[in-house]
Structure formats: structure tokens, C-alpha cells
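This report refers to the structure that appears directly beneath it.
Every number in this text was worked out from the coordinates using simple rules, so none of it is lab data. Predicted model only: the values in this text are computed from it and were never measured. Heads up, the Cβs are rebuilt from the backbone with ideal geometry, glycines too, and the neighbour counts pull from every protein chain shown.
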Amino acid sequence: MNKFALALGTGALTLSLALTGCSSAPAGSSHGGHGSADDTESPSAAQANAADRMFATMMIPHHRQALEMSDVVLAKDGLDPAVVDLARKIKAAQQPEIDRMLDWLRSWGAEYDPDAVMDHGMSGMMSAEDLDALRTATGADAGRLFLEQMIAHHEGAVEMARTELDAGRSAEALALAQQVVDDQTEEIATMRRILEASE
């Protein structure tokens, strides 16, 4: 049921090897915890645990796919203006969030390797076939497909963010996770309204 939780279990070893310089803070420690930091950790790294690093590492490619989907649909003609507005809003919000998460990983001493995280079953990610279908769709059909795919994509991001809220420690990462839950839950409701209006 919880694909991201499953991904955390099956992909944790590979990702822990990819995220060099990570601390030994337990992934399940609460965000209110104050575990002692290793003497070699920077102060910033000591404020983040494995769940924080996992959240950023997985959310970056998840956000990047949302940008890709938005770019695909924005290149099309005959779209509902509400779809255009939503795709532009997604692009405006998620690129700065990607930049912030990359900065966090650097400050935490974690090296981001996109190739190490792309096959870990992140919840809500579109397959190559899904993206091809979006690329070939036209007009109103493209808009509807974008909304349907982005609803599933956003639901996956919300699931990932809630996992971070349960297990993370970094105040910055927790704040972003809450923002993802709030913003993308609202956007899911908007997309459903647009779909209902188009029926």
C-alpha cells in the first residue's frame, strides 16, 4: 500500500552507499530528537538524519519529473487555460525547491547521485510509457492526461513528505515536507475540479 515505505526498505542500502558522508543517525528518529553527532560531522550535517537525506535525495528526481511533465504539456496547443496556469505554477514552485534540496545535501555532506535513485520505485513516478503517452497526446486530451498523471504524481510526493514528517529531524526539511503536503494537496483538489468541469 505504501510504495515509498517499501522503497525506503528495499533501496536504503544502495542509497546509503550513494550518500557519502552520511551520519549514523537512525532513520526512524523523531524530528524532535537530539541525537549526538559524530565528531567529524559539520554542525549542519548533525542537524539532519538519514530520513532527511532520503527525503531530499528521492524528492529531487520526483520534482524533476514534474518539471518535465509540465514542459511537455506547455509545448502543446489547445489546452484549457487552467491547465496552462497549473503547469506554470508547478514549474515556478518546484525548481527552487530542487535547488534548496541540492544545497542541503551538500551541506549535510551527502553526494547526490541521480543514477543511484532512479530505480527505487518512488511513489507516483510516471513510467517511460506514461511520458510517451503524454508527449503524443494533443489538445484537450493532453490536458486531461496531464491532470490525471499529475494527480498521481502529487499523491506520491505527499506520501513521501508525510514519511519525512514522521521520521525527519532537519527543521528545514520538515518545513519543506509540510509545504509539499499543503501545496500539493491543494493542487490535487484543483486538478480534480478542472477534470470534473471538463466532463
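Run the quick spin-label model on Ser127 and Gln179: label points 7 Å from Cα toward the beta carbon, then report their separation in nm to one decimal.
Inter-label distance under the simple model: 3.4 nm.
Karplus couplings for segment 61-78 from phi (6.51 cos²θ - 1.76 cosθ + 1.60, θ = phi - 60°), rounded to Hz, Gly and Pro as x?
Here the 3J(HN,Hα) series is x, 5, 4, 4, 5, 4, 5, 4, 4, 5, 4, 4, 6, 5, 7, 9, 9, x Hz.
Give the order of Glu129, Glu187 when sorted by the count of other beta carbons within 10 angstrom, beginning with the fewest.
Working: Glu129 8, Glu187 19.
Going from least to most buried by this count: Glu129, Glu187.
Give me the one-decimal nm value for the distance between modelled label points at Glu196 and Ala140, 7 Å along each residue's Cα-to-Cβ direction.
Computed distance between label sites Glu196 and Ala140 equals 1.9 nm.
At 0.36 nm per residue, minus the direct Cα-Cα distance, what do Glu155 and Ala93 gain on full extension? Give it in nm, one decimal, please.
On the way: separation 62, 0.36 × 62 = 22.32 nm, distance 1.64 nm.
Gain in length upon complete extension: 20.7 nm.
Going by how many other beta carbons lie within 10 Å of each one, how would you line up Met59, Met191, Met54, fewest first?
With the sparsest Cβ surroundings first, the list reads Met191, Met59, Met54.
Please give the length that would be gained between Arg64 and Asp103 if that part of the chain were fully extended, namely 0.36 nm times their separation in residues minus their C-alpha to C-alpha distance (nm, one decimal). Walk me through the numbers on the way to the answer.
Numbers: separation 39, 0.36 × 39 = 14.04 nm, distance 1.55 nm.
Extending this stretch completely gives an extra 12.5 nm.
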